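Here the structure comes first, spelled out in structure tokens, and everything after it is commentary.
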Amino acid sequence: MKISTGLFLSALPTTGALLSIKTLKNKFGTTATIGALTFAIATDSAIAGDVGQGQKIFNANCAVCHPGGRNLIVPEKSLEKEALEQYRSGGRSEESVMKQVRNGRNSMPAFGGRLDDESIADVAAYVIKSSEEGWN
Ligand code: HEC
């Protein structure tokens, strides 16, 4: 039953799959089950857990100014661990990254109208994880 659900998910287009995941989340009550399931069965699918999804969102929306976690416009405000700790009010956290992405700041555009909350949370998870592990 698990396997057929995974295959079903991986066969769906991204939007449909995301909707199904929401439904499944409610049904099973845990994201972990679904994450592990889709990751194990559909590694090449658009859904590989939040961080995987966040990486795609990052590459499509952020990498133009932040390639490899750098900042091409204001170099010291990179997405490296030390910079996030130094410049984010409230320190380095998914919350503070989400706030920056949602509202923008100075020359960084706001993404609140372009990315939904789930996508913003995914991309923030990816930024924090990459700052933790190093961007390369
Ligand atoms: C048009 C270029 C541009 C794009 C696109 C962009 N940013 Fe930025 N980003 C900036 C600039 C410029 C800053 C520095 C803003 C400031 O002066 O505080 C910044 C700062 C940040 C910071 C704070 C870094 C620090 O050290 O304080 C984070 C986090 C961040 N961006 C994440 C993102 C994410 C995630 C995306 C994609 C959803 C994104 N940015 C898209 C230009 C961009």
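When 98, 108 are sorted by how many other C-beta atoms sit within 10 angstrom of their C-beta, beginning with the fewest, the order is 108, 98.
The value obtained for the range 51-133, namely the Cα convex hull volume divided by the number of residues, is 80 Å³ per residue. Counting charges near residue 107 (Lys, Arg +1; Asp, Glu -1) among other residues having Cβ under 14 Å from its Cβ returns a value of +1.
Every number in this text was worked out from the coordinates using simple rules, so none of it is lab data. No experiment lies behind these values; they were computed from the predicted model shown. Here Cβ is always computed from backbone atoms with ideal geometry, including for glycine, and neighbour counts include all displayed protein chains.
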